[in-house]
1. What's the number of the condition VAL60 fails, among (1) in a loop (DSSP other than H, G, I, E, B); (2) at pLDDT 85 or above; (3) open to solvent by less than 60 Å² (accessible area, probe 1.4 Å)?
2. Confirm whether GLN96 is over 30 Å from GLU49 (Cβ atoms) and either modelled with pLDDT under 90 or part of a loop (DSSP other than H, G, I, E, B) (or both).
3. State all residues of the range 63-79 that are surrounded by 14 or more Cβ atoms within 10 Å (Cβ to Cβ) and in a helix (DSSP H, G or I); if no residue qualifies, say none.
4. How many residues does the range 99-118 contain that are among the hydroxyl-bearing types (Ser, Thr, Tyr) and outside any helix (DSSP H, G or I)?
5. Which residues, counting only those in the range 120-149, are modelled with pLDDT of 85 or more and among the hydrophobic types (A, V, I, L, M, F, W, C)?
6. Give GLU30, GLU42, GLU49, GLU4 a once-over and let me know the one that is at pLDDT below 85, closer than 14 Å to ARG146 by Cβ and open to solvent by 30 Å² or more (accessible area, probe 1.4 Å).
Amino acid sequence: MAIEEGIVFKAGAPGAGTAWVKTTRSSACESCSSRDSCQMEEGVGQEMEVEALNTANARVGDRVAINIKTASLLKATFLLYVFPILALIGGALIGQTLAEWRGLDPSAMAALIGFLFFGLAFFVIRFADRRLSGNASYQPEIIKIRRADLASAEPLNPSQAES
């Protein structure tokens, strides 16, 4: 379970039960090879914006802790990074085998079928993304409000302010 902290800066779509949270890069991001292309705001470099399920009923301005399930993160990482490579290798092997049966150039057929499978892998990823984006287990979740919004706190009564 990966837990990050951030500040709610925008409420999600009405009825969706989500909120947009701005987080800063953690130490876990430093070792990631995709840290520079990870849905980061233009020109900021250290801040990321993520839409999270708002199960803690956080409001704009609240400092929150968000949870990203490790199993879901690993599955998504496999789909995005490992699956296309496996498709490329599998396609190359199929292409080479087909070329040997047909008497064609094995290298050319391996490259052709390999890149075809590699391209098809991105269509599979696109389809899986649409299916998984609606799955709550693949979305970050606001699990705790660390500090409530100071602007929404009740104002002091004039009699309380004088004492």
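The values are calculated or read from the model by the stated rules, or taken from the named source; none is laboratory data. Keep in mind that this is a model prediction, so the values were computed, not measured. Virtual Cβ from ideal backbone geometry, glycine too; neighbours counted across all protein chains shown. Note: accessible area is taken over every heavy atom of the protein model, side chains too, but ligands, DNA and RNA are not part of it. Shrake-Rupley method; radii C 1.70, N 1.55, O 1.52, S 1.80 Å.
1. So VAL60 meets the others, but not (3).
2. Numbers: over 30 Å from GLU49 (Cβ atoms): yes; either modelled with pLDDT under 90 or part of a loop (DSSP other than H, G, I, E, B) (or both): no.
Spelling it out, it is not the case that GLN96 is over 30 Å from GLU49 (Cβ atoms) and either modelled with pLDDT under 90 or part of a loop (DSSP other than H, G, I, E, B) (or both).
3. Of the residues in the range 63-79, the ones surrounded by 14 or more Cβ atoms within 10 Å (Cβ to Cβ) are 63-69, 72-73, 75-76, 79.
Once the filter is applied, which keeps residues that are surrounded by 14 or more Cβ atoms within 10 Å (Cβ to Cβ) and in a helix (DSSP H, G or I), the range 63-79 yields SER72, LEU73, LYS75, ALA76, LEU79.
4. Adding up the residues that qualify gives 0.
5. Listed by number, the residues that qualify are LEU120, ALA121, PHE122, PHE123, VAL124, ILE125, PHE127, ALA128, ILE142, ILE143, ILE145.
6. On the way: GLU30 fails: closer than 14 Å to ARG146 by Cβ; GLU42 fails: closer than 14 Å to ARG146 by Cβ; GLU49 fails: closer than 14 Å to ARG146 by Cβ.
Being at pLDDT below 85, closer than 14 Å to ARG146 by Cβ and open to solvent by 30 Å² or more (accessible area, probe 1.4 Å) holds for just one of GLU30, GLU42, GLU49, GLU4, which is GLU4.
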